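Working notes, structure below.
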Amino acid sequence: VQLQASGGGLVKTRDSLRLSCAASRRTSTNNAVGWFRQAPGKERDFVAAIGWRGMSPIYADSIKGRFIISRDNGRDTVYLQMNDLKPEDTAIYYCAVALGPIAAQSTNAYRYWGQGTQVTVSS
């Protein structure tokens with residue numbers, strides 16, 4: 001399975017972006033999909049994840065209320081709507097397909113990873 005993350009860019013504080021994660025084939029439909037991010041010099045952190053069929057999304061506390069994860073299984077695509085962006089949201093954002101159907105926060109729960117898309121938020 002190949003994952004293609006897109007939608008990143010350079011924006012200003014309080015702007016919005018929508019990231020997309022497209023799978024190469026319909027393997028992700030029965031699996032949870034997550035978004036993670038990694039800032040320079042830091043570890044890869046959990047952002048949000050969604051179960052199969054869009055069930056039970058979970059979010060990191062740092063983005064709760066600002067980001068929304070959703071999925072369109074018909075298009076094999078998962079989205080991350082990011083609102084009210086802040087400079088501390090600057091990072092490379094990665095999407096990943098989990099081993100199972102339940103959304104999880106640990107990177108160990110994910111099998112396939114996309115290449116990442118850069119999000120830069122200026123103050």
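The values are calculated or read from the model by the stated rules, or taken from the named source; none is laboratory data. None of the values given here were measured: they were computed from a predicted structure. Glycine gets a Cβ as well: all are built from the backbone with ideal geometry, and neighbour counts include every protein chain shown. Quick note on the areas: whole protein, heavy atoms, side chains included, nothing else; ligands and nucleic acids left out. Shrake-Rupley method; radii C 1.70, N 1.55, O 1.52, S 1.80 Å.
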Amide H partners (placed H, <5 Å) of Val47, local residues excluded: Trp35, Phe36, Arg37
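In percent, what relative contact order does the chain have, based on Cα pairs under 8 Å that are 6 or more apart in sequence?
Rounded, it is 37 percent for the chain.
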Span from the region 45-70 Cα centroid across to the region 75-96 one, whole angstrom: 10 Å
Per residue value of the accessible surface for the chain (all protein chains in place, 1.4 Å probe), Å²: 52 Å²
Within region 82-103: backbone nitrogen closer than 16 Å to the Leu10 label point (7 Å, Cα to C-beta): 87, 90-92
Sites Ser62 and Ser24 - FRET efficiency at Förster radius 35 Å, r taken between beta-carbons, to 0.05: 0.70
Under-5 Å amide H pairs with Thr90, H placed in peptide plane, nonlocal only: Val121
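Give me the dipole magnitude in Debye, nearest 20, for the chain about the Cα centre, with unit charges on the beta carbon: positive for Lys and Arg, negative for Asp and Glu.
Rounded to the nearest 20 debye, it is 240 debye.
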Carbon and sulfur %, accessible surface of region 7-113 computed with the full protein complex present, 1.4 Å: 47 percent
